[in-house]
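Structure first, then comments.
The values are calculated or read from the model by the stated rules, or taken from the named source; none is laboratory data. Being a predicted model, the structure only gives us computed values, none of them experimental. We place every Cβ from the backbone using ideal geometry, glycine too, and count neighbours over all the protein chains shown. For the accessible areas, the whole protein counts, side chains as well, though only heavy atoms, and no ligand, DNA or RNA atoms are used. Shrake-Rupley method; radii C 1.70, N 1.55, O 1.52, S 1.80 Å.
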Amino acid sequence: MIFVSQEGDIINSQPNDTYFQEVKEFILEWQGGVEYLTVNTSGSTGTPKAISLSRKQILASVHQSQKAFSLNEESFFLCNLSVHFIAGKLMIIRALELRAELLIVKPDGNLIDNLGSFGYMIDQKRGRCFMAFVPLQLQNLLEDSRGYNLLAMAGSIIIGGAAVSAQLEKQIKEISSPVYATFGMTETITHFAIKRLNGDQPDDYFRVLQGTKIKLEEGKLCVKNECTNQNWLITNDLAEIVNNDQFLLKGRADRVINSGGVKLHLDEIEQKIDKILKLKIPFFCIGLPDSKLGEKLVLFIESGQKDPTIISTLKSKMAKFEAPKEVIFLKEFKLTITGKTDKIKTAHAYSVSDE
(Lines give C-alpha, C1' and ligand atoms only; values in the text may rest on other atoms or scores of the structure.)
Protein backbone atom coordinates (compact mmCIF):
# COMPACT_ATOMS: atom_id res chain seq x y z
CA MET A 1 0.00 0.00 0.00
CA ILE A 2 1.27 3.47 -0.87
CA PHE A 3 -0.20 6.70 0.47
CA VAL A 4 0.79 10.08 -0.95
CA SER A 5 -0.06 13.17 1.09
CA GLN A 6 -1.14 16.55 -0.30
CA GLU A 7 2.45 17.73 0.24
CA GLY A 8 3.74 14.88 -1.93
CA ASP A 9 5.18 12.79 0.90
CA ILE A 10 5.21 9.05 0.13
CA ILE A 11 4.39 6.41 2.74
CA ASN A 12 5.02 2.83 1.56
CA SER A 13 3.62 0.22 3.93
CA GLN A 14 5.22 -2.60 1.91
CA PRO A 15 8.70 -1.32 0.97
CA ASN A 16 9.95 -4.78 -0.02
CA ASP A 17 7.13 -5.41 -2.49
CA THR A 18 8.38 -5.19 -6.10
CA TYR A 19 5.18 -3.63 -7.43
CA PHE A 20 5.14 -0.84 -4.85
CA GLN A 21 8.83 -0.20 -5.47
CA GLU A 22 7.97 0.39 -9.16
CA VAL A 23 5.06 2.65 -8.18
CA LYS A 24 7.29 4.75 -5.94
CA GLU A 25 9.90 5.06 -8.71
CA PHE A 26 7.21 6.32 -11.09
CA ILE A 27 5.95 8.88 -8.56
CA LEU A 28 9.47 10.18 -7.98
CA GLU A 29 10.05 10.31 -11.73
CA TRP A 30 6.96 12.48 -12.25
CA GLN A 31 7.69 14.67 -9.23
CA GLY A 32 11.20 15.14 -10.66
CA GLY A 33 9.74 16.92 -13.69
CA VAL A 34 10.18 14.29 -16.42
CA GLU A 35 9.16 15.84 -19.76
CA TYR A 36 8.16 12.65 -21.61
CA LEU A 37 6.67 9.29 -20.68
CA THR A 38 7.02 6.22 -22.86
CA VAL A 39 3.98 3.95 -22.65
CA ASN A 40 2.76 0.90 -24.55
CA THR A 41 -0.54 0.70 -26.41
CA SER A 42 -2.87 -2.04 -25.21
CA GLY A 43 -2.34 -4.49 -28.07
CA SER A 44 -6.03 -5.39 -28.20
CA THR A 45 -6.23 -4.79 -31.97
CA GLY A 46 -2.63 -5.38 -33.02
CA THR A 47 0.94 -5.59 -31.89
CA PRO A 48 1.56 -3.33 -28.86
CA LYS A 49 3.78 -0.37 -29.66
CA ALA A 50 5.64 2.13 -27.54
CA ILE A 51 4.66 5.78 -27.90
CA SER A 52 6.04 8.91 -26.28
CA LEU A 53 3.70 11.37 -24.54
CA SER A 54 4.82 14.86 -23.53
CA ARG A 55 4.19 16.35 -20.11
CA LYS A 56 2.16 19.08 -21.83
CA GLN A 57 -0.18 16.50 -23.39
CA ILE A 58 -0.53 14.61 -20.11
CA LEU A 59 -1.37 17.77 -18.17
CA ALA A 60 -4.03 18.60 -20.76
CA SER A 61 -5.65 15.24 -19.98
CA VAL A 62 -5.46 15.96 -16.24
CA HIS A 63 -7.22 19.30 -16.72
CA GLN A 64 -9.97 17.71 -18.82
CA SER A 65 -10.71 15.15 -16.10
CA GLN A 66 -10.51 17.82 -13.41
CA LYS A 67 -13.27 19.83 -15.08
CA ALA A 68 -15.41 16.81 -16.00
CA PHE A 69 -15.50 15.37 -12.46
CA SER A 70 -15.00 18.55 -10.36
CA LEU A 71 -11.71 17.27 -8.93
CA ASN A 72 -9.55 19.42 -6.66
CA GLU A 73 -7.12 19.31 -3.73
CA GLU A 74 -9.91 18.07 -1.44
CA SER A 75 -10.52 14.99 -3.59
CA PHE A 76 -9.22 11.58 -2.51
CA PHE A 77 -7.86 9.32 -5.26
CA LEU A 78 -8.05 5.54 -4.99
CA CYS A 79 -5.79 3.91 -7.59
CA ASN A 80 -6.64 0.26 -8.14
CA LEU A 81 -5.25 0.19 -11.72
CA SER A 82 -1.83 -1.06 -12.77
CA VAL A 83 0.84 1.64 -12.92
CA HIS A 84 2.37 -0.27 -15.84
CA PHE A 85 -0.24 1.20 -18.19
CA ILE A 86 -1.60 4.63 -19.05
CA ALA A 87 -4.83 4.48 -16.99
CA GLY A 88 -2.97 3.70 -13.77
CA LYS A 89 -0.30 6.28 -14.46
CA LEU A 90 -2.92 9.00 -15.03
CA MET A 91 -4.75 8.23 -11.79
CA ILE A 92 -1.50 8.88 -9.95
CA ILE A 93 -0.59 11.96 -11.97
CA ARG A 94 -4.05 13.53 -11.47
CA ALA A 95 -3.66 13.31 -7.70
CA LEU A 96 -0.08 14.63 -7.75
CA GLU A 97 -0.94 17.58 -9.99
CA LEU A 98 -4.04 18.53 -8.00
CA ARG A 99 -2.15 18.09 -4.71
CA ALA A 100 -4.79 15.67 -3.51
CA GLU A 101 -4.36 12.64 -1.27
CA LEU A 102 -3.73 9.37 -3.06
CA LEU A 103 -4.02 5.75 -1.94
CA ILE A 104 -2.55 3.07 -4.21
CA VAL A 105 -3.43 -0.60 -3.82
CA LYS A 106 -2.44 -3.64 -5.86
CA PRO A 107 -4.66 -4.09 -8.93
CA ASP A 108 -5.20 -7.79 -8.29
CA GLY A 109 -7.06 -9.78 -5.65
CA ASN A 110 -9.93 -8.47 -3.53
CA LEU A 111 -9.88 -4.67 -3.28
CA ILE A 112 -11.53 -4.53 0.14
CA ASP A 113 -9.16 -7.11 1.57
CA ASN A 114 -6.21 -5.27 0.00
CA LEU A 115 -7.34 -2.04 1.65
CA GLY A 116 -7.31 -3.69 5.06
CA SER A 117 -6.89 -1.17 7.87
CA PHE A 118 -6.50 1.67 5.35
CA GLY A 119 -10.20 1.54 4.49
CA TYR A 120 -10.94 4.20 7.11
CA MET A 121 -9.28 6.78 4.85
CA ILE A 122 -11.98 6.31 2.23
CA ASP A 123 -14.71 6.47 4.86
CA GLN A 124 -13.33 9.81 6.07
CA LYS A 125 -13.42 11.15 2.51
CA ARG A 126 -16.97 9.97 1.77
CA GLY A 127 -18.35 11.78 -1.26
CA ARG A 128 -14.92 13.05 -2.35
CA CYS A 129 -13.33 9.76 -3.50
CA PHE A 130 -12.45 9.37 -7.17
CA MET A 131 -12.27 5.70 -8.18
CA ALA A 132 -11.40 3.96 -11.45
CA PHE A 133 -11.84 0.33 -12.46
CA VAL A 134 -11.78 -1.98 -15.44
CA PRO A 135 -15.12 -3.85 -15.81
CA LEU A 136 -13.78 -7.11 -14.38
CA GLN A 137 -12.56 -5.36 -11.22
CA LEU A 138 -15.94 -3.72 -10.68
CA GLN A 139 -17.75 -7.00 -11.38
CA ASN A 140 -15.64 -8.78 -8.75
CA LEU A 141 -16.20 -5.97 -6.26
CA LEU A 142 -19.96 -6.17 -6.68
CA GLU A 143 -19.87 -9.90 -5.96
CA ASP A 144 -18.56 -9.01 -2.48
CA SER A 145 -21.33 -8.07 -0.03
CA ARG A 146 -19.17 -5.15 1.12
CA GLY A 147 -18.69 -3.76 -2.38
CA TYR A 148 -21.73 -1.50 -2.63
CA ASN A 149 -20.86 0.17 0.68
CA LEU A 150 -17.34 0.97 -0.53
CA LEU A 151 -18.61 2.34 -3.84
CA ALA A 152 -21.17 4.51 -2.04
CA MET A 153 -18.27 6.56 -0.66
CA ALA A 154 -17.23 7.73 -4.12
CA GLY A 155 -17.93 11.13 -5.58
CA SER A 156 -17.36 9.68 -9.06
CA ILE A 157 -16.49 6.24 -10.43
CA ILE A 158 -15.11 5.69 -13.92
CA ILE A 159 -14.88 2.44 -15.87
CA GLY A 160 -12.68 1.86 -18.90
CA GLY A 161 -10.44 -0.55 -20.75
CA ALA A 162 -13.24 -2.80 -22.06
CA ALA A 163 -16.94 -2.81 -22.84
CA VAL A 164 -19.44 -2.93 -19.97
CA SER A 165 -21.64 -6.02 -20.23
CA ALA A 166 -25.43 -5.83 -19.99
CA GLN A 167 -25.31 -7.73 -16.70
CA LEU A 168 -22.75 -5.36 -15.16
CA GLU A 169 -24.63 -2.29 -16.40
CA LYS A 170 -27.74 -3.59 -14.63
CA GLN A 171 -25.77 -3.92 -11.37
CA ILE A 172 -24.27 -0.46 -11.82
CA LYS A 173 -27.76 1.07 -11.71
CA GLU A 174 -27.92 -0.09 -8.08
CA ILE A 175 -24.82 1.92 -7.12
CA SER A 176 -25.69 5.20 -5.41
CA SER A 177 -22.56 7.07 -6.55
CA PRO A 178 -22.29 8.42 -10.12
CA VAL A 179 -20.73 5.84 -12.47
CA TYR A 180 -19.36 6.72 -15.90
CA ALA A 181 -18.18 4.58 -18.79
CA THR A 182 -15.15 6.20 -20.39
CA PHE A 183 -13.94 6.07 -23.97
CA GLY A 184 -10.39 6.69 -25.12
CA MET A 185 -7.06 5.03 -25.78
CA THR A 186 -3.39 5.30 -24.98
CA GLU A 187 -2.87 7.79 -27.80
CA THR A 188 -5.52 10.13 -26.35
CA ILE A 189 -4.01 9.75 -22.86
CA THR A 190 -7.02 7.84 -21.47
CA HIS A 191 -10.57 9.08 -21.88
CA PHE A 192 -11.78 11.90 -24.09
CA ALA A 193 -15.48 11.04 -23.69
CA ILE A 194 -17.72 9.83 -20.85
CA LYS A 195 -21.20 8.33 -20.48
CA ARG A 196 -23.24 8.29 -17.25
CA LEU A 197 -24.53 4.76 -16.61
CA ASN A 198 -26.74 5.23 -13.55
CA GLY A 199 -28.86 7.79 -11.75
CA ASP A 200 -32.25 9.21 -12.67
CA GLN A 201 -31.12 10.22 -16.16
CA PRO A 202 -28.37 7.95 -17.54
CA ASP A 203 -26.84 9.02 -20.84
CA ASP A 204 -27.79 7.50 -24.17
CA TYR A 205 -24.57 8.66 -25.81
CA PHE A 206 -20.94 9.37 -25.04
CA ARG A 207 -20.19 13.06 -24.44
CA VAL A 208 -16.76 14.46 -25.27
CA LEU A 209 -14.77 16.35 -22.67
CA GLN A 210 -14.27 20.10 -22.90
CA GLY A 211 -11.99 21.22 -25.74
CA THR A 212 -12.45 18.00 -27.77
CA LYS A 213 -13.65 17.96 -31.37
CA ILE A 214 -14.92 14.91 -33.25
CA LYS A 215 -15.77 13.98 -36.84
CA LEU A 216 -16.22 10.87 -38.99
CA GLU A 217 -13.94 9.60 -41.73
CA GLU A 218 -15.27 6.62 -43.65
CA GLY A 219 -17.47 5.87 -40.66
CA LYS A 220 -14.56 5.92 -38.21
CA LEU A 221 -14.52 8.29 -35.26
CA CYS A 222 -11.79 10.95 -35.39
CA VAL A 223 -10.78 13.09 -32.44
CA LYS A 224 -8.54 16.05 -31.68
CA ASN A 225 -7.76 18.09 -28.57
CA GLU A 226 -4.74 19.27 -26.59
CA CYS A 227 -3.91 15.65 -25.74
CA THR A 228 -3.38 14.90 -29.44
CA ASN A 229 -1.50 18.19 -29.97
CA GLN A 230 -4.58 19.40 -31.90
CA ASN A 231 -3.88 16.82 -34.61
CA TRP A 232 -6.74 14.67 -35.86
CA LEU A 233 -6.42 11.08 -34.63
CA ILE A 234 -8.35 8.44 -36.58
CA THR A 235 -9.63 5.72 -34.27
CA ASN A 236 -10.60 2.25 -35.39
CA ASP A 237 -14.10 2.65 -33.99
CA LEU A 238 -17.25 3.00 -36.04
CA ALA A 239 -19.57 5.66 -34.69
CA GLU A 240 -22.58 7.85 -35.35
CA ILE A 241 -22.21 11.50 -34.43
CA VAL A 242 -25.34 12.87 -32.75
CA ASN A 243 -24.10 16.47 -32.45
CA ASN A 244 -20.83 18.33 -31.88
CA ASP A 245 -20.45 16.86 -28.40
CA GLN A 246 -22.11 13.43 -28.51
CA PHE A 247 -21.65 10.18 -30.39
CA LEU A 248 -22.89 6.60 -30.46
CA LEU A 249 -20.36 3.77 -30.72
CA LYS A 250 -21.20 1.06 -33.24
CA GLY A 251 -18.20 -1.25 -32.84
CA ARG A 252 -14.67 -1.75 -34.07
CA ALA A 253 -14.05 -1.22 -37.79
CA ASP A 254 -11.78 -4.27 -37.87
CA ARG A 255 -14.43 -6.51 -36.31
CA VAL A 256 -16.52 -7.11 -39.43
CA ILE A 257 -16.59 -10.44 -41.26
CA ASN A 258 -18.15 -11.52 -44.55
CA SER A 259 -20.06 -14.76 -44.07
CA GLY A 260 -21.71 -16.05 -47.23
CA GLY A 261 -21.95 -12.53 -48.62
CA VAL A 262 -23.45 -11.07 -45.43
CA LYS A 263 -21.41 -8.53 -43.46
CA LEU A 264 -21.57 -9.25 -39.75
CA HIS A 265 -20.56 -6.67 -37.13
CA LEU A 266 -19.09 -8.76 -34.35
CA ASP A 267 -19.40 -6.16 -31.59
CA GLU A 268 -23.14 -5.77 -32.22
CA ILE A 269 -23.62 -9.55 -32.27
CA GLU A 270 -21.70 -9.91 -28.99
CA GLN A 271 -24.01 -7.35 -27.38
CA LYS A 272 -27.05 -9.37 -28.48
CA ILE A 273 -25.51 -12.61 -27.18
CA ASP A 274 -24.71 -10.91 -23.88
CA LYS A 275 -28.34 -9.87 -23.40
CA ILE A 276 -29.61 -13.37 -24.23
CA LEU A 277 -27.15 -15.53 -22.29
CA LYS A 278 -26.22 -13.08 -19.50
CA LEU A 279 -22.82 -14.72 -19.22
CA LYS A 280 -20.60 -13.70 -16.31
CA ILE A 281 -17.53 -15.24 -17.94
CA PRO A 282 -15.40 -13.95 -20.85
CA PHE A 283 -16.61 -14.65 -24.39
CA PHE A 284 -16.15 -13.26 -27.89
CA CYS A 285 -17.15 -13.83 -31.52
CA ILE A 286 -14.76 -14.15 -34.41
CA GLY A 287 -14.77 -15.29 -38.03
CA LEU A 288 -12.96 -18.53 -38.90
CA PRO A 289 -12.28 -19.87 -42.44
CA ASP A 290 -15.09 -21.93 -43.95
CA SER A 291 -15.16 -23.72 -47.30
CA LYS A 292 -18.76 -22.73 -48.06
CA LEU A 293 -19.24 -19.37 -46.34
CA GLY A 294 -15.73 -18.00 -46.69
CA GLU A 295 -15.89 -17.10 -42.99
CA LYS A 296 -18.16 -18.63 -40.38
CA LEU A 297 -19.26 -16.94 -37.19
CA VAL A 298 -17.84 -18.71 -34.14
CA LEU A 299 -18.51 -18.00 -30.45
CA PHE A 300 -15.65 -18.63 -28.00
CA ILE A 301 -16.50 -19.01 -24.30
CA GLU A 302 -13.92 -19.22 -21.52
CA SER A 303 -15.14 -22.20 -19.54
CA GLY A 304 -13.92 -25.66 -18.60
CA GLN A 305 -17.48 -26.97 -18.90
CA LYS A 306 -19.37 -27.30 -22.17
CA ASP A 307 -23.02 -26.34 -22.46
CA PRO A 308 -24.56 -27.95 -25.56
CA THR A 309 -27.79 -25.95 -25.17
CA ILE A 310 -26.17 -22.56 -25.89
CA ILE A 311 -26.09 -22.83 -29.66
CA SER A 312 -29.75 -23.92 -29.87
CA THR A 313 -30.77 -21.10 -27.52
CA LEU A 314 -29.02 -18.52 -29.70
CA LYS A 315 -30.46 -19.93 -32.92
CA SER A 316 -33.97 -19.68 -31.49
CA LYS A 317 -33.56 -16.05 -30.41
CA MET A 318 -31.34 -14.51 -33.09
CA ALA A 319 -31.63 -13.92 -36.80
CA LYS A 320 -30.39 -16.91 -38.81
CA PHE A 321 -27.33 -15.14 -40.18
CA GLU A 322 -26.39 -13.66 -36.76
CA ALA A 323 -26.48 -16.88 -34.74
CA PRO A 324 -23.02 -18.48 -34.32
CA LYS A 325 -22.41 -21.56 -36.46
CA GLU A 326 -20.27 -23.07 -33.72
CA VAL A 327 -19.58 -22.58 -30.02
CA ILE A 328 -16.10 -23.38 -28.69
CA PHE A 329 -15.34 -23.72 -24.98
CA LEU A 330 -11.78 -23.11 -23.79
CA LYS A 331 -10.47 -23.29 -20.23
CA GLU A 332 -8.36 -20.16 -20.69
CA PHE A 333 -8.10 -17.34 -23.23
CA LYS A 334 -4.86 -15.76 -24.38
CA LEU A 335 -4.33 -12.26 -22.99
CA THR A 336 -2.67 -9.07 -24.21
CA ILE A 337 0.02 -7.40 -22.09
CA THR A 338 -2.69 -5.24 -20.51
CA GLY A 339 -4.79 -8.23 -19.48
CA LYS A 340 -7.46 -7.95 -22.19
CA THR A 341 -8.61 -11.00 -24.14
CA ASP A 342 -6.43 -11.47 -27.23
CA LYS A 343 -9.11 -12.74 -29.58
CA ILE A 344 -6.84 -13.36 -32.56
CA LYS A 345 -4.21 -15.33 -30.62
CA THR A 346 -6.90 -17.31 -28.78
CA ALA A 347 -8.61 -18.30 -32.03
CA HIS A 348 -5.26 -19.06 -33.68
CA ALA A 349 -4.12 -21.26 -30.79
CA TYR A 350 -7.39 -23.20 -30.99
CA SER A 351 -7.12 -23.59 -34.77
CA VAL A 352 -3.54 -24.88 -34.52
CA SER A 353 -4.38 -27.32 -31.72
CA ASP A 354 -7.40 -28.56 -33.69
CA GLU A 355 -5.36 -29.40 -36.78
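What the table shows:
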read-out: Option label - Rg/Rh (Cα atoms, Kirkwood Rh) computed here, alternatives (i) 1.06; (ii) 1.10; (iii) 0.97; value: (iii)
read-out: Spin-label model distance (nm) - Lys325 vs Glu295, 7 Å beyond Cα toward Cβ; value: 1.2 nm
read-out: Label-point separation, Thr309 to Ile276 (7 Å along Cα→Cβ), nm; value: 1.5 nm
read-out: Calculated FRET value between Ile112 and Ala50, using beta carbons and R₀ = 41 Å, to 0.05; value: 0.75
read-out: Relative contact order [Cα under 8 Å, 6+ residues apart], the chain, whole percent; value: 11 percent
read-out: Å² of accessible area per residue within segment 172-273, as computed with a 1.4 Å probe and no ligands counted; value: 49 Å²
read-out: Expected-Rg normalisation [2.2 N^0.38 Å, Cα atoms] applied to segment 217-355; value: 1.19
read-out: Whole-Å distance, taken between Cα centres, linking segment 278-351 and segment 173-242; value: 28 Å
read-out: Amide proton proximity set for Asp245, modelled H, under 5 Å, gap of 5+; value: none
read-out: Highest-first arrangement of 144-150, 6-12, where packing means the average Cβ count within 10 Å; value: 144-150, 6-12
read-out: Hydrodynamic radius by Kirkwood, which averages 1/r over all alpha carbon pairs of segment 157-213, in angstrom; value: 11.9 Å
read-out: Length-normalised contact order of segment 62-174 in % [C-alpha pairs under 8 Å, at least 6 apart]; value: 25 percent
read-out: Translational D in µm²/s for segment 1-123 (Stokes-Einstein at 4 °C, 1.567 mPa s, Kirkwood Rh from C-alpha pairs); value: 85 µm²/s
read-out: Per-selection Rg to Rh, segment 173-266 - Cα, Kirkwood hydrodynamic radius; value: 1.03
read-out: Value of relative contact order over segment 1-140, rounded to a whole percent, pairs C-alpha under 8 Å and six or more apart; value: 26 percent
read-out: Relative frequency of Cα-Cα separations exceeding 14 Å in segment 218-260, percent; value: 55 percent
read-out: From phi via Karplus (6.51, -1.76, 1.60), per-residue ³J(HN,Hα) for segment 120-134 in Hz, x at Gly/Pro; value: 4, 4, 5, 4, 5, 9, 3, x, 10, 7, 10, 10, 9, 9, 8
read-out: Percent of beta bridges antiparallel (DSSP, the chain, rounded to nearest 5); value: 70 percent
read-out: For His191, distant residues with modelled amide H under 5 Å away; value: none
